[in-house]
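J.: Have a look at the structure that comes next, please.
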Amino acid sequence: MRIGIISDTHGSLPPSVLKAFEGCEHIIHAGDIGGQHLLDELETIAPMTAVLGNCDYFGGYLAVDESASITLAGTRFFIAHDPADVSRALRGYGALKPSEPLPHICVHGHTHIPRNEQRGAVLMLCPGSPSRPRGGSNPSVLIVEAKDGGIQSLTFVPV
């Protein structure tokens, strides 16, 4: 299953993102979306899961939660905008319930810097930002190929 991961769009969706996400079967947006119009545009490509970012709280216009847990192609994902929220949840202080199995992948945004880091059994991912990269990184999104509870490949795509 091809999954597109994006974060920190802040209301701006470069056309190159739509091209990068062609063929995706699901899209994850890890917050700082910038408007429902952006989610609507991404949903023309594939079903999506999105979470609120710290800049999405103004106006109450998005019908998404602060975090999400989903399973795609047998792979468990936990998504939150702030990496600190992901870390708290993994330590048992947050949105993950003790009865839930540990996710295979945690996705966050907020830093605007791409991340691919294995922390124990959990893969920590941040796609960077397609519109406001930081830390010397290029504008980017992430494509993950998941199958049978595992990752076949992951690619940071410059946009």
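Please treat every number below as a calculation from the coordinates, not as lab data. Quick caveat, the model's predicted, so the values are computed rather than measured. Here the Cβ is made from the backbone with ideal geometry for all residues, glycine too, and neighbour counts use every protein chain on show.
J.: Let me know the longest stretch in the chain that avoids all trypsin sites (Lys or Arg not before Pro) found in a DSSP loop with at most 14 other C-beta atoms within 10 Å.
T.: That would be 1-90.
J.: Taking the Cβ of GLY34 as the center, what net charge do the other residues with Cβ under 13 Å away carry, scoring Lys and Arg +1 and Asp and Glu -1?
T.: -4
J.: Scan the chain and hand back the longest stretch that contains none of the chymotrypsin sites (Phe, Trp or Tyr not before Pro) lying in DSSP loops with at most 16 other Cβ atoms within 10 Å.
T.: Result for the longest clean stretch: 94-159.
J.: Here is a further query. Taking the Cα centroid of the range 1-26 and of the range 27-71, what is the distance between the two, rounded to the nearest whole Å?
T.: Their Cα centres are 12 Å away from one another.
J.: Report, in deg cm²/dmol and to the nearest 500, the calculated mean residue ellipticity at 222 nm for the chain, where each DSSP H run with n ≥ 4 adds -39500 (n - 2.57) and the sum is divided by the residue count. Present the calculation step by step, with values, prior to reporting the outcome.
T.: Numbers: 3 runs with 21 residues, N = 159.
When only DSSP H runs of four or more count, the value is -3500 deg cm²/dmol.
J.: Contact order normalised by length for the range 1-82, with contacts defined as Cα pairs under 8 Å and 6 or more residues apart; what percent is it?
T.: 27
J.: Also: For ARG115, what residues show an amide H to amide H distance below 5 Å, using hydrogens built from the backbone and excluding near sequence neighbours?
T.: Placed amide hydrogens put CYS126, GLY128 under 5 Å from ARG115.
J.: Taking the beta-carbon count within 10 Å as an exposure proxy, list VAL122, VAL159 from fewest neighbours to most.
T.: Sorted ascending by nearby Cβ count, the order is VAL122, VAL159.
J.: For every other residue with a beta carbon closer than 14 angstrom to the beta carbon of GLY11, add +1 if it is Lys or Arg and -1 if Asp or Glu, then tell me the sum.
T.: Summing Lys/Arg as +1 and Asp/Glu as -1 gives -4.
J.: OK, next. Along Cα→Cβ, 7 Å out, is where each label goes; now give me the distance between the ones at GLU43 and ALA63 in nm to one decimal.
T.: In this crude spin-label approximation the distance works out to 0.7 nm.
J.: When Lys and Arg each count +1 and Asp and Glu each count -1, what net charge do the other residues less than 15 Å away from ASN138, Cβ to Cβ, add up to?
T.: Its environment carries a net charge of +2.
J.: Measure off 7 Å from each Cα along the Cα-to-Cβ vector at GLU22 and GLN118, then give the distance between these two points in nanometres to one decimal.
T.: Between GLU22 and GLN118, the simple spin-label model gives 3.4 nm.
J.: Working out 0.36 nm times the residue gap between ASN138 and ARG91, then minus their Cα-Cα distance, what length gain in nm do you get to one decimal? It would help to have the intermediate numbers written out before the result.
T.: Values: separation 47, 0.36 × 47 = 16.92 nm, distance 3.13 nm.
Using 0.36 nm per residue and subtracting the Cα-Cα distance, I get 13.8 nm.
J.: Full extension from ILE151 to ILE70: what is 0.36 nm times the residue separation minus their Cα-Cα distance, to one decimal in nm?
T.: Length gained, ILE151 through ILE70: 27.7 nm.
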